[in-house]
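Coordinate-derived values only; no laboratory data. Bear in mind that the values here come from a model prediction, so they are computed numbers and not experimental data. With ideal geometry, Cβ positions are generated from the backbone for all residues, glycine too; neighbour counts draw on all protein chains shown.
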Amino acid sequence: MQSNNGSRTWLGRTVLVTGVGGFVGSGLAAELVGRGACVVGIVRDSQGLRLLHSRGLTNRLDIVRGSISEPGLVQRAINEYEVDTVFHLAAQAIVGVANRSPISTFESNIAGTWHLLEAARNGRTVQRVVVASSDKAYGDQPLLPYTEDTSLGGTYPYDASKVCTDVLARSYAVSYQLPVAIVRCANIYGPGDLNWSRLIPGTIRSAFQGENPVIRSDGSPERDYLYIDDAVEGYLRVADALPGQRGQAFNFGTAQPVSALSLVREILSSVGDRQLEPRILGQAKGEIDRQSLSAAKAARVLGWAPKTSLRLGLQKTVDWYRDYLMVGSARVLEEALA
């Protein structure tokens with residue numbers, strides 16, 4: 001993503017990004033560093049550090065090791081680095097994992113959020129907080145696309161954890177006047193997502209390996225897909241709108257849902273392999289059937305709109321993975337021959 005004149009807004013500001021070792025968190029951190037911010041990131045384990053290293057960020061951030069669910073960790077980070085702005089993205093974000101392991105998901109996504117909000121409330125330097133909820137918080141609704149006035153009806157473990165995240169943030173905004181706002185994004189995709197269980201990176205990797213990609217559902221569930229650069233820009237605009245938009249939630253999506261089967265076929269077309277066919281398992285359970293988001297409020301209040309079409313975004317993503325997987329294969333061969 002290229003920085004714009006909004007760079008002046010972030011120059012010299014100290015920003016805490018929880019979940020900085022994740023796909024979206026690392027992308028947001030890279031953009032903030034590019035705009036001149038001093039970024040502090042919380043990383044739980046070595047996997048997050050590897051992603052930061054792959055993005056060339058390891059030596060450009062201050063890293064705090066640990067889990068946000070640890071009492072006192074976020075408070076220490078805020079106080080020691082005199083944090084001005086907080087982006088709370090840390091979460092267990094995989095729906096399948098949440099269905100298998102709800103308790104660890106609740107500890108990370110719910111307890112982690114209240115630790116973060118309480119630390120921000122007591123941190124004298126904090127001027128704005130942006131909390132990542134999700135389109136999954138809306139649950140299964142009869143009317144699409146979701147608007148910010150749609151009730152939060154998520155019931156499956158991951159979805160319910162994001163409902164709690166959302167409600168906790170609004171509670172702190174109302175009860176303590178904490179300058180916090182909420183972001184509800186569609187499914188974010190793009191270069192750098194190394195979670196192969198997700199449909200887009202998993203399909204791309206299978207295609208480059210000459211394997212038929214797997215669809216866990218029956219292929220019919222529809223999702224709204226948002227390119228990573230558009231999501232990052234949304235987060236930054238919400239932060240810029242605080243404290244004026246305290247307690248508000250913003251949707252970021254395209255309102256153009258795509259079925260899993262159509263998405264996989266579009267990816268195969270971008271890869272250029274016409275012989276592969278998806279394997280449809282029809283085994284997915286505990287997931288919402290149809291989702292899409294209206295971003296009319298974000299357009300009206302923040303001047304935000306998605307700039308990257310799905311076709312262009314997928315092509316950029318495929319190109320990135322082509323280079324990434326080729327470099328990885330070359331490294332494995334080199335090590336084997338050494």
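The figures follow:
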quantity: Of Gln283, Phe208, Thr308, farthest towards positive along the dipole that unit charges on Lys, Arg, Asp, Glu beta carbons give the range 164-313; calculated: Thr308
quantity: Globularity index of the range 28-93, i.e. its alpha-carbon radius of gyration over 2.2 N^0.38 Å; calculated: 1.08
quantity: Size of charge dipole - the chain - debye, nearest 20, with Cβ of Lys, Arg +1 and Asp, Glu -1, no other charges; calculated: 400
quantity: For the range 1-124: Kirkwood Rh in Å [reciprocal of mean 1/r, alpha carbons]; calculated: 14.7
quantity: Tilt relative to the chain, helix 157-176 - C-alpha long axis, 0 to 90 degrees, to 10; calculated: 20
quantity: Asn122-Thr58 pseudo-label distance in nm [points 7 Å out on the Cα-to-Cβ vector]; calculated: 3.4
quantity: Selected from Gln141, Gly22, Ala241, residue furthest toward positive end of dipole (the chain; charges at beta carbon); calculated: Ala241
quantity: Net charge contributed by nearby residues that have their C-beta within less than 9 Å of Val258 (K/R +1, D/E -1); calculated: -2
quantity: Radius 12 Å from Cβ of Val17, net charge of other residues (Lys, Arg +1; Asp, Glu -1); calculated: -2
quantity: Residues of type lysines that Lys285 reaches as a straight line, Cα spacing below 20 Å, ignoring anything fewer than 8 places off in the same chain; calculated: Lys136, Lys162
quantity: Sites matching trypsin sites (Lys or Arg not before Pro) across the range 279-328 that sit in DSSP coil, with at most 15 neighbouring C-beta atoms within 10 Å; calculated: Lys285, Lys307
quantity: Within straight-line cross-link reach of Lys307, aspartates and glutamates at Cα separation under 16 Å, skipping those fewer than 8 residues along the same chain; calculated: Asp224, Asp229, Asp230, Glu233
quantity: Extension reserve of the Lys285-Arg300 stretch, reckoned as 0.36 nm per residue once the Cα distance is removed; calculated: 1.8 nm
quantity: Bins of 10 Å from zero: percent of alpha-carbon pairs in the range 187-274; calculated: 15, 40, 26, 13, 5, 0
quantity: Compactness of the range 237-312 as Cα Rg over 2.2 N^0.38 Å, two decimals; calculated: 1.53
quantity: Residue-span extension gain [Arg274 to Arg311] - 0.36 nm each, minus C-alpha spacing; calculated: 11.6 nm
quantity: Within-15-Å neighbourhood charge of Glu287 [Cβ basis; K, R +1; D, E -1]; calculated: +1
quantity: Residue-averaged [θ]222 nm for the chain, counting only DSSP H segments that reach four residues, each worth -39500 (n - 2.57); calculated: -12500 deg cm²/dmol
